[in-house]
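Just below is one structure, and these are the notes that go with it.
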Amino acid sequence: MIFDAQHPLAQSRLQTRTQVITRAVLCLALVTAPLFAQGGARGTGPTAPEIDAMYPDLEALYLDLHRNPELGFQEVQTAAKLAARVKALGFDVTTGVGRTGIVAVMRNGAGPTVMMRTELDALPVQEKTGLPFASTVIAKTASGVTTPVMHACGHDIHMSAWAGTAKWMAEHKDRWRGTLMMVGQPAEEGGGGATTMLNDGLFTRFPRPDFALSMHDDDGLRAGVIGYHAGFFRSMSDGVTITVYGRGGHGAMPFNTVDPVVLASRIVLALQTIVSRENNPNDPIVITVGAIHGGTVGNVIPDEVKLSLSVRTYTAEVRTRTLAAIRRIAKGEAEASGAPKEPLVEMPARGNAAVYNDPPLTNRLAAALTQQLGAQAVTEMPAKMTSEDFADYGVAGVPSLLLHVGAVSPAKLAAAKASGIPVPAPHSPEWAPEREPTIKGAIRGEVGALLELLRAP
């Protein structure tokens, strides 16, 4: 299911109104609230000594998870490690939800139900961080391809903070009332893990949450700083495959062939004109050709080449128009090249929906976190063109909020700004979050948000 451009949530008036309300609420919070940069607000969230006491165990978990990553729907050991931890804390734990997912429920009297999700899976990426605990794991994808595996998106950070949040909440039940649902979701990285869990009864076999929350590390924020954005926050995502056909032959006699490598190259360049010449930049799109496969040796022109694309959009209208333009350009370039047949353009019936951060929920928690952690530790941030299947929980009708936590040292951010060379980002083989301030900041943010929603009388 994709958000329609005419959906009530997408109306521009609502977006403008929520921005005004957010600023007003945050201004009120800043005026009336003392700053607590080293811990939660007095008598509420975790103090710095409490988090410091938890951290060595959480760091050990992080290092273990980082050394031993698992691909989507293969997270058997990862899930078992987290399930054992929350079970020992007194949660009612169910494993195997959505194949390898876990659901841990703690009931603590009358009150709302709040879900806190973490992702379990890693990426098929060869780690190049040079860290002493770098992953050397080799695994097979669902299609049987052998690949190195790395936590290149920071899910190991997310899981470690999630474990710390679960521990603090279990040990401070006098601070909150209601039902806490800690969810470990498989296969976020394009595997449909959220949909699989929902189809396996996440919101029917277990308490349906009143709110759904998650936290994601970020390469643009100082380590430990919490970032938020009301409304559309992360884009839709579609995977497209184009197979172009030529007529192979000797590399020394290209005039006797129809070269599909040249044809594929022309398509790659032409696709970018959709972005630069066919689309209003106020409603952005990104088209990335991330993989090209064709041929075996340099002196043989192959018969076909396959391109794998990632397409990012925010509205149903732009998505439909962009996918149609991709098909049109591939067909047109093939015809211009004299290809023996039309290219095969394979498009998904459904891609990731856009993450929509519920504005009232976002405003409420942004104000609460600003009050608890201080203005220097909470910041509004722009929307991103990256995608996240956390969107599915909002599509299912649960008010949702995806927060970000900075994961880069101030020195590295300053150096990147001075040089103009960005720091490594998630999905890079060099992604290496500043683990201690990031994990601690994420725990503060998660616990603070949960305490606001699960207020004790």
> Picking from ALA223, PRO426, GLY298, whose Cα lies most toward the positive end of the charge dipole for the chain (charges on Cβ: Lys, Arg +1; Asp, Glu -1)?
Replying inline: ALA223
> At what distance in nm do the modelled label points of ALA142 and ASN280 sit from each other, each positioned 7 Å from its Cα along Cα→Cβ?
Replying inline: 3.6 nm
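Taking the mean number of other Cβ atoms within 10 Å as a proxy for protection, how do you rank 85-93, 334-342, 189-197 from highest to lowest? All intermediate terms of the calculation are to be shown ahead of the outcome.
On the way: 85-93: 17.3, 334-342: 14.3, 189-197: 22.0.
Going from most to least packed, we get 189-197, 85-93, 334-342.
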> Taking θ as phi - 60°, what are the ³J(HN,Hα) couplings along the stretch 285-292 by the Karplus curve (6.51, -1.76, 1.60), each to the nearest whole Hz, with x for Gly and Pro?
Replying inline: 9, 9, 10, 10, 8, x, 8, 10
>> Is there a quick way to get the dipole size of the stretch 236-346? I mean about its Cα centre, with the Cβ of Lys and Arg at +1 and of Asp and Glu at -1; what is the value in debye to the nearest 20?
In response: 80 debye
> Using r as the Cβ-Cβ distance of ARG327 and LYS87, and R0 as 45 Å, what FRET efficiency do you calculate, to the nearest 0.05?
Replying inline: 0.35
> Taking the Cα-to-Cβ direction at GLU335 and at LYS128 and moving 7 Å from each Cα, how far apart do the two end points lie in nm?
Replying inline: 4.1 nm
> Taking the Cα centre of the stretch 64-156 as origin and charging only Cβ (+1 Lys, Arg; -1 Asp, Glu), how large is the dipole, in debye to the nearest 20?
Replying inline: 160 debye
> What list of ³J(HN,Hα) values in whole Hz, one per residue of the stretch 126-136 in order, does the Karplus curve 6.51 cos²θ - 1.76 cosθ + 1.60 (θ = phi - 60°) give from phi, with Gly and Pro shown as x?
Replying inline: 8, 5, 10, 7, x, 5, x, 10, 4, 6, 10
>> With +1 on the Cβ of every Lys and Arg and -1 on the Cβ of every Asp and Glu, and nothing else charged, how large is the dipole of the chain about its Cα centre, in debye rounded to the nearest 20?
In response: 760 debye
>> Less than 19 Å from a label point 7 Å out along the Cα-to-Cβ axis of LEU63: which backbone N atoms in the stretch 163-194 qualify, by residue?
In response: 163-164
> Each residue of the stretch 242-255 in order: what ³J(HN,Hα) in whole Hz does its phi give by Karplus 6.51 cos²θ - 1.76 cosθ + 1.60, θ = phi - 60°, with x for Gly and Pro?
Replying inline: 10, 10, 9, 10, x, 10, x, x, 6, x, 7, 10, x, 5
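Throughout, read-outs are computed from the coordinates displayed, never taken from laboratory work. Just so you know, these numbers come straight off a predicted model, no measurement behind them. So basically every Cβ, Gly included, is an ideal-geometry build from the backbone, and we count neighbours across all protein chains shown.
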